[in-house]
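Step one of this worksheet: look at the structure below.
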Amino acid sequence: MAAHNRMAIYLKEFLTGTSFYEWLDARTLPDKQVTQTEFILEQQAKVDDTIASYLFVRSDSLTMSKTNTAVPEATIHAEHIGGITQTDVDIPQGVTILSGRNATNRTSFLQSIMAVMGSNDVTLKGDADEGHVELTIDGDTYRRTLRRTNGTITFNGDPYLDDPTLADLFAFLLESNEARRAVVQQRDLRELIMRPVDTNEIQAEIDRLERQRNEITEELEELDSVKERLPSLEERKHELETEIEAKREELAAKEDEIASADADVDETREEKRELESRLEDLRELRSDLESVRSDIDVQEESIESLKRELADLETERGKLPDTPMGDHEELDQEISRLRERKLTLESEVSDLQDIIQFNEEMLEGEDTAVTDALAAEDDPYEDLTDQLLESETTVCWTCGSEVEPDRIEDTLDTLRTVRQDQMSEIRDIEDELDELRADKREREKEQRRRESIDGEIADLEGEITQRETRLDDLREQRDELSEEVETVEKEVETLESEDFSEILDLHKEANQLEFELGQLESDLDDVTDRIAAFEDRLADEDDLRAEREEINDALEAQRTRIDRIEQQAVEEFNTHMDEVLELLGYENLARIWIERIEKTVKEGRRNVEKTVFELHVVRTTDSGATYEDTIEHLSESEREVTGLTFALAGYLVHDVHETVPVMLLDSLEAIDSDRLADLVSYFSDYVQFLVVALLPEDAQALSDDYTRVTEI
């Protein structure tokens, strides 16, 4: 109901273009006989009628679209999971309460759901070597099998999720859930929120887009150069056309001289034909020889350029380490060791926190269950609370001996110091893990670059080898042509005589002119082709510029993606934390909020700026003044609510609802039943199936509309 009320307010403001009450202030009363109150009610009713149909087909604006999917229920069949031997449970859409005392398989049933969804954070029944879970939802069935082999549990089957990371972090909110514990243990909240984001993949995409953009930029710069070169090419084309025309005229004149000389020379037709044939052969050979020499020059220039490029790559390659891809076993082992040590410390901190909390409550006389049990025994210490307050000694509730309360306080101080030391060690381990991960990323980046360079070097070496082979063939061909030219020249000289000397000179000159004409025509073809190619490339200029703009937009989106996720996470947490605190009504707790700040940290061998999420706690005094408090001073209930809200923020930021239809809640005893009822109602707005494990006395405070499961 609260969600729909919020939606109504938002829609009223949307429909009127201002706040509802500002809109009313701008209106005038149509009839002086109508009171202001009546007029307000009348106008509000009209707006309500306008949005009624909208509210009918849409849920709360903050409710995710997945929750509207028409899936009537999900069925779970589990065998040998946790403490369960066998069970079948139907879970309808909405809130399902697992009501029961401890050791009634409520958590085991939640683990069964986690298992079939894809999580590995589940246990097999102690006396079983195999267990399985089936989930039937929306007409599809998913199955997961657990087997114990040599003390290790292996998983097989077809789970609902291919990757359970998001669900484990933000949907399966059992007592050990990292998102819940992160607040209590003062862990790196930003790292937890960003863990599902593949920053390496984002960076790889940024690198790819930058390379693509640089290639287009280089091509556009080359096109600018082409624009500058086109006029000179056009001018060169005109010059060649003029030279060709002049050369043709010169050749025509030379052929006229030959024709005139032929009429004056008395020679046998056979000798003339043979001489002309050899002269033609000589012209063709010289043309072929010139073409081969030109090809040799081109190949030599290309080989030189390729060798320079190869030398640059080899120089860069020499600066990179030779560690093969994936050869980071020692680094991975150290990361794994630190993670295990961190998990151990976090577990110990959690246990210490529970111990400290319990003893603090006992000293303050708050844990009535224990005090009542002690009071029920037939001993001289019937009223433990009175003894704590009035006498100089008290009965220790762990060993039964008389001790001074100060000694218990001293022990608690020692435990707090140990907890603080362990939390400090956890932070040191996280810093070391950050350094190791940064070192690993740097090594992987170097490895990728090395492999890329190796590939480029191999390609260049292959191309150089091909061109050198081609160059050897061309040189051999040049030598052969040179020998042939020399041979034909000698034959022509033999055929020449004094009677033929003039006409032979004319033929040689004509041959030379034809050769020069051919060269000019070839140059003209080259220039014409280059002009056509340049014009074709210039035709693509607009498309290239448009493509570069699209790449720039994509780059901006990738570069700001992490920033946007971080901002959204902070906004989601702060918004929902404000709403939850207002809903639950904790005394003197004004606000809990996250601030996103930049902090200088050491990463590898460098100091870098890194984004961190700093959690703030603001309390109020009886006089209404506010002051900054610390996380350590939050009550257990406040800490649990903060951790759950942080998990909800991650759930919304990563759109977990799109892939995970179920959210699980367990170990909520620290929250009183009335607040728990409000909290479950609040969470139910954001998830399709909300399954909550509660003690019977807590379950009684929740709505009767919720489904109850009392036997598993």
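Cβ-Cβ distances below 9 Å connect the following pairs, each with a first residue in region 557-579 that is without any contact (Cβ under 8 Å) to a residue 12 or more places away in the chain, a second residue that is surrounded by fewer than 15 Cβ atoms within 10 Å (Cβ to Cβ) and of a type in the set (D, E, K, R), and a separation of six or more residues or different chains: ALA557/ARG564. So, ASP207, is that one under 21 Å from ALA546 (Cβ atoms) and acidic (Asp, Glu) or not? No. Where helices (runs of 4 or more DSSP H) fall wholly inside region 164-246, the ranges with 1 or more residues that are surrounded by fewer than 19 Cβ atoms within 10 Å (Cβ to Cβ) and among the polar types (S, T, N, Q) are 165-170. Looking across region 129-163 at every residue that is part of a strand (DSSP E or B) and acidic (Asp, Glu), the one that is nearest to ILE113 (Cα to Cα) is identified as GLU134. Evaluated against (1) without any contact (Cβ under 8 Å) to a residue 60 or more places away in the chain; (2) farther than 30 Å from THR645 by Cβ; (3) charged (D, E, K, R), GLU547 falls short on exactly one condition, (1). Within region 164-180, being under 16 Å from VAL116 (Cα atoms) and without any contact (Cβ under 8 Å) to a residue 40 or more places away in the chain holds for one residue alone: THR165. Based on this model, can you work out whether ASP127 counts as of a type in the set (D, E, K, R), in the same structural domain as THR710 (by TED's automatic domain parsing) and within 27 Å of GLU658 (Cβ to Cβ)? Answer is no for this residue. In the set THR528, THR494, only one residue is surrounded by fewer than 12 Cβ atoms within 10 Å (Cβ to Cβ) and either β-branched (Val, Ile, Thr) or modelled with pLDDT of 85 or more (or both); that residue is THR494. Under 9 Å by Cβ, and 6 or more places apart or on different chains, what pairs join a residue from region 686-712 that is basic (Lys, Arg) with one that is surrounded by fewer than 18 Cβ atoms within 10 Å (Cβ to Cβ)? Close Cβ pairs satisfying both conditions: none exist.
The values are calculated or read from the model by the stated rules, or taken from the named source; none is laboratory data. Since we're looking at a predicted model, the values are computed, not measured. Cβ coordinates were reconstructed from backbone atoms using ideal geometry, including for glycine residues, and neighbour counts include every protein chain displayed.
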